[in-house]
Amino acid sequence: MKKFAAYLTATWFGLGFSPKASGTFGSLGALPLVWVLAFYASLPIMFAVAAVLFFAGVWATHQIIKQQENKDPSLVVIDEVVGQMLSFSLVWPYLADWKIYALGFALFRFFDICKMGPVKFFDSRVHNAWGVMLDDVFAGITAAIVLYLLCSFF
């Protein structure tokens, strides 16, 4: 049961098993959750959900990688879910517009793939479940800042 729960969490209900672009599917899998939270909850609740998913992700990722050499397997996408959620945190009032979701998705994927600054540090130097989760947290924070600036000026 513990192994099943770890895989269910880490793969975000199986999206991580996508044969190609599992990170993209994980990021897309976060959007319905963000939409529901934006319309039926509040920003503090979104942060609480992201925090719970972060710590659940650390646990689940640890369960998966502790018995293998690959310390960031592509099937783990809970990190993308958390990072994608955070990318919308500074533009909460704008989340009624689908274009914000598209732009936030694109920005998060850009920063997640390019791995600049703290994203690169956690991706390349912290080879454990914390590193897997934190590189996407920082990609989400970076995307949130850029998305906020774009929304503020345009």
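The values are calculated or read from the model by the stated rules, or taken from the named source; none is laboratory data. Only a predicted model underlies this, so the values are computations on that prediction, with no experimental measurement involved. Every residue, glycine among them, receives a Cβ derived from its backbone with ideal geometry; neighbour counts consider all protein chains shown. Accessible surface is based on the protein model in full, side chains and every heavy atom, while ligands, DNA and RNA are left aside. Shrake-Rupley method; radii C 1.70, N 1.55, O 1.52, S 1.80 Å.
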> Would you pick out the residues in segment 1-49 that are over 20 Å from L75 (Cβ atoms) and touching a Ser or Thr at 6+ places or on another chain (Cβ under 8 Å)?
Replying inline: L43, M46, F47
>> Can you pull out every residue in segment 114-150 that is buried (at least 19 other Cβ atoms within 10 Å of the Cβ) and charged (D, E, K, R)?
In response: D123, D135, D136
>> Can you pull out every residue in segment 70-85 that is buried (at least 24 other Cβ atoms within 10 Å of the Cβ), in contact with a Phe, Trp or Tyr (Cβ under 7 Å, 6 or more places away or on another chain) and not in a helix (DSSP H, G or I)?
In response: V77
> Can you name the residue in segment 96-121 that is modelled with pLDDT of 95 or more and of a type in the set (A, V, I, L, M) and, of all such residues, is farthest from E80 (Cα to Cα)?
Replying inline: I100
>> For a quick check of your reading of the model, give me the residue pairs whose first member lies in segment 92-121 and is free of Cβ contacts under 8 Å to residues at least 60 places away in the same chain and among the hydroxyl-bearing types (S, T, Y), whose second is open to solvent by less than 90 Å² (accessible area, probe 1.4 Å) and part of a helix (DSSP H, G or I), with beta-carbon atoms closer than 6 Å and at least 6 apart or on different chains.
In response: Y94/I100; Y94/C151
> Just one of F105, F110, F153 is out of contact with any Pro (no Cβ under 7 Å at 6 or more places or on another chain) and open to solvent by less than 60 Å² (accessible area, probe 1.4 Å); which is it?
Replying inline: F105
> Is segment 107-114 home to any residue that is more than 13 Å from the chain's Cα centre (by Cα), closer than 17 Å to F47 by Cα and not basic (K, R)?
Replying inline: no
> Can you tell me which residues in segment 32-68 are in contact with a helix residue (DSSP H, G or I) (Cβ under 7 Å, 6 or more places away or on another chain), β-branched (V, I, T) and open to solvent by 30 Å² or more (accessible area, probe 1.4 Å)?
Replying inline: I45, V49
> On the given criteria, is D112 under 20 Å from P32 (Cα atoms) and touching an Asp or Glu at 6+ places or on another chain (Cβ under 7 Å)?
Replying inline: yes
> Inside segment 1-31, can you point out the residues that are part of a loop (DSSP other than H, G, I, E, B), farther than 18 Å from V137 by Cβ and open to solvent by less than 40 Å² (accessible area, probe 1.4 Å)?
Replying inline: T11, G14, S18
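Being closer than 12 Å to I145 by Cβ and either within 12 Å of the chain's Cα centre (by Cα) or surrounded by fewer than 19 Cβ atoms within 10 Å (Cβ to Cβ) (or both) is the filter here; which residues of segment 90-102 pass it?
Residues of segment 90-102 closer than 12 Å to I145 by Cβ: 90-91.
Answer for segment 90-102, where residues must be closer than 12 Å to I145 by Cβ and either within 12 Å of the chain's Cα centre (by Cα) or surrounded by fewer than 19 Cβ atoms within 10 Å (Cβ to Cβ) (or both): there is none.
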